[in-house]
Amino acid sequence: MNKIFLIIRREYLVRVKKKSFIVMTILAPILMVGLILAPVFLANQDQEKKLIAIVSDDEKFTDGIIDEELLHFTSIDQSESKNYKLNLSDSPYYALLEIEEDTISLYSFQQISITVRNSIENQIEKIIETDNLKQAGIDIEVIENAKTIINIETKIIDNEGLETSANTEASIGIGFLTGLLIYMFIFMYGTMVMRGVIEEKTNRIVEIIISSVKPFQLMMGKIIGIALVGLTQFILWIILTLLISTFAELFIISPQELTEATNTTNHSVLLSELNRLTGGINLLRIFVSFLFFFLFGYLMYSSLFAAVGSAVDAEADTQQFMLPITIPLILSFILIQPVMDNPDGALAFWLSIIPLTSPIIMMVRLPFGVELWELGLSMILLVIGFITTTYLAAKIYRTGILMYGKKISYKELWKWLSYKG
Amino acid sequence: MKDILLSVEDVVKNYGDYTALDKVNISVPKSSIYGLLGPNGAGKTTLMRIINQITAPDQGRIVFHNELLNKKHIKDIGYLPEERGLYKKMKVGEQALYLAQLKGMPYKQAIEKLKFWFEKLEITHWWSKRVEELSKGMAQKIQFVVTVIHQPKLLIFDEPFSGFDPINAAIIREEILQLRENGTTIIFSTHRMESVEEICDHIALINNAKTILEGPIDKIKNDFQTETYEVVLSRGKLTGNNQFSIISENNNIYKIKLNTGCSSSHLLESITKEHEIISFKKDFPSVEDIFIKSINNE
């Protein structure tokens, strides 16, 4: 046991000390916070009011078009407009709106933004519609009163009759995010395991090491060491993201802007968003399940990645063996959408039970509510899957790492499974 | 009979349909240098891997130090594989320490021993270099150190001299001989027959998964000698008679073969009667000759 600890420590330290690890760990949260806060920040910066001149003989337009938050309108007469048209860039106006009998034109020096055009179109449409209705003798008040906006509140009732409000968008968000994280983690760190195995094999250090420890210990030491690297990175990301976002809110965005953006006073943007959206979803269960599927999904796949690494001499040769590993992963990823559309359907059920797809699909289903026995069954099967794949992978691994310069076929791999210690 | 440190008894190893070892027997006496010879693919590496418990035999048993070979013997065996290397990005000292600890050495002892060996081989200044900065020969020295660092009872070297320049090879050979003096037993596999001649006292020859020869090198040479002699005369011409026949002649150097039933002292006597002899010596076959002959006889 002492030896496997030595291996875990080496695998962990070597990777954590790498520059690429440190850069990724620091850069990713900055990018993440940047992506979330940049729109808020930019929206608050872009406050410049635009002045638009209206040229029209019709009072219903000159009076009817009203100022908006960022768009102000003034009415000018034809002769003025002619002067401005000659030299629009020097005029105080951002654009010139000309409304004639049957054509409406918007003149500007710079290209007009879509939002500006849309809001002008909306105003004019509304004015004409109202006018048309009036002429047809319909009372506008009646129509206004008939208008309604509804908002269905979705609630979930459990067996004991307790109701909780649920937010479908939040379920989709959480399911997708956790599923995606597991998918990325398995791929990133699974390939890291594979590369580590290939490195040891091409370095020819592997034979020196396995004269001291069992191949299985070396393989598991590497897998666990890299899992810890992943967990470290993940935890640092969470901590750094929270720190940076708090910092950013305090110093970059003024408190007033923040209040406008979130309507809260003392919570961070991220946390308050999270709280608002996830009411009614069992976050604790999701968190615990996430750690479980995250870890065992990785463990199961990484032993397969290790087996692939052991069977080849160079990373370029891994292609043919990678396919059976990546197919279930990519398939789960593609099927996230159909599963979300029908989280209790047969497809969703089976994919969340079968070990190769369950780490991703179960996470997608969980926020929509999954019966405990299904979750339990899926977990047990995943552990069994992990033990089985590790057992088989270890057999391939211990033969593979000592085979040099031989093109390996699937038939060969199958034979290795029958070799004795 | 000398104490036996390691004996391999009727060991069989199959890889699917392929038989790598077929009832192989060797016994390695304590404090000997034991040469393991054989053409490529004969099964030497498999045998060494089995002794190192990297793989297990299908049949047969291995006795080490009067006990069946088991996990606790790992710390008593040092192995320098033919296909060897180090982590390129890791620092030399860190890596040597890691490998020594994997062999079961406590941290403090490992540091001490490493310092000793690094000083002895005059490589102390490499300690914080990365392995990728070293030349191949330099890396080989580090590998040698990590093989012997835990003072194993048995050392197994697979082609230890490949990759070394003559000066470093000589240093390593000296170290190997010194280790033997200190009581270490050494198994030594190589294709370089002259180094076998120089340092081995026992050899085993493996071909096609079987041991075809085993024993003390003197005895084997004696078994293979063909009663041929090299005679150098100052002048005159030697002609064959009922005691011997001439195999070759070159500038007064004759290779002659003694006929059966005749003794070398009689032969010497009969030649000195007529000729002046500068040298007269029995021709023992070289290990290389024995190697080629035995394999061709198979």
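The values are calculated or read from the model by the stated rules, or taken from the named source; none is laboratory data. Values in this document were obtained by computation on a predicted structure and should not be read as measured data. So basically every Cβ, Gly included, is an ideal-geometry build from the backbone, and we count neighbours across all protein chains shown. To get the accessible areas, we keep the full protein, side chains included, count just its heavy atoms, and leave off ligands, DNA and RNA. Shrake-Rupley method; radii C 1.70, N 1.55, O 1.52, S 1.80 Å.
Structure summary
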item: Most to least accessible of B:Asp76, B:Asp22 (protein chains only, probe 1.4 Å); result: B:Asp22, B:Asp76
item: Spin-label pair A:Glu371/B:Ser135, simplified geometry with 7 Å Cα→Cβ offset, distance in nm; result: 7.3 nm
item: Proximal lysines relative to A:Lys18, as straight alpha-carbon distance under 21 Å, when same-chain residues fewer than 8 apart are discounted; result: A:Lys201, A:Lys222, B:Lys88, B:Lys89, B:Lys91, B:Lys129
item: Calculated P(r) of the protein assembly as shown - Cα pairs past 48 Å, %; result: 47 percent
item: Where chymotrypsin sites (Phe, Trp or Tyr not before Pro) fall in DSSP loop in the stretch B:203-248, at most 11 other Cβ within 10 Å; result: none
item: Within the stretch B:68-172, GluC sites (Glu not before Pro) in DSSP loop having at most 15 other beta-carbon neighbours inside 10 Å; result: B:Glu122
item: Dipole magnitude of the protein assembly as shown, debye to nearest 20 (Cβ charges: Lys/Arg +1, Asp/Glu -1, about Cα centre); result: 5500 debye
item: Chains A and B together, accessible area buried on both sides, 1.4 angstrom probe, square angstrom; result: 2700 Å²
item: Given 14 as the ceiling on other Cβ atoms within 10 Å, longest exposed-site-free region of chain A for chymotrypsin sites (Phe, Trp or Tyr not before Pro) in DSSP loops; result: A:110-403
item: Count, lysine Cα pairs under 14 Å in the stretch B:181-298, 8 or more residues apart or across chains; result: 8
item: Low-density loop positions, chymotrypsin sites (Phe, Trp or Tyr not before Pro), the stretch B:73-141 - DSSP coil, at most 15 other Cβ in 10 Å; result: B:Trp127
item: Under 13 Å from B:Lys115, Cα to Cα: aspartates and glutamates that are on another chain or at least 8 residues apart; result: B:Glu94
item: Under DSSP loop assignment and at most 11 Cβ neighbours within 10 Å, longest GluC sites (Glu not before Pro)-free interval of chain A; result: A:161-370
item: Angle between chain B longest axis and helix B:107-120 axis [Cα atoms, degrees, rounded to 10]; result: 40 degrees
item: Accessible area per residue in Å² at 1.4 Å probe, computed on the protein assembly as shown; result: 52 Å²
item: The stretch A:49-136: radius of gyration over Cα atoms, expressed as a fraction of 2.2 N^0.38 Å; result: 1.07
item: Carbon and sulfur %, accessible surface of chain A computed with the full protein complex present, 1.4 Å; result: 63 percent
item: C-alpha long axis of helix B:136-148 to longest principal axis of chain B, angle in °; result: 80 degrees
item: 1.4 Å probe, heavy atoms, protein only - residues of the stretch A:192-224 losing at least 40 Å² accessible area vs chain alone; result: A:Asn203, A:Arg204, A:Ile205, A:Glu207, A:Ile208, A:Ile209, A:Ser211, A:Ser212
item: Average partner coverage of B:143-151, which counts Cβ from other chains inside 10 Å; result: 1
item: At least 15 Å along the helix axis (C-alpha) and Kyte average at least 1.0, DSSP helices within chain A; result: A:19-45, A:215-251, A:283-311, A:319-334, A:372-400
item: Förster radius 22 Å - calculated FRET efficiency between A:Asp67 and A:Asp139 (Cβ-Cβ, nearest 0.05); result: 0.25
item: The stretch B:147-269 - percent of accessible surface contributed by carbon and sulfur, probe 1.4 Å; result: 47 percent
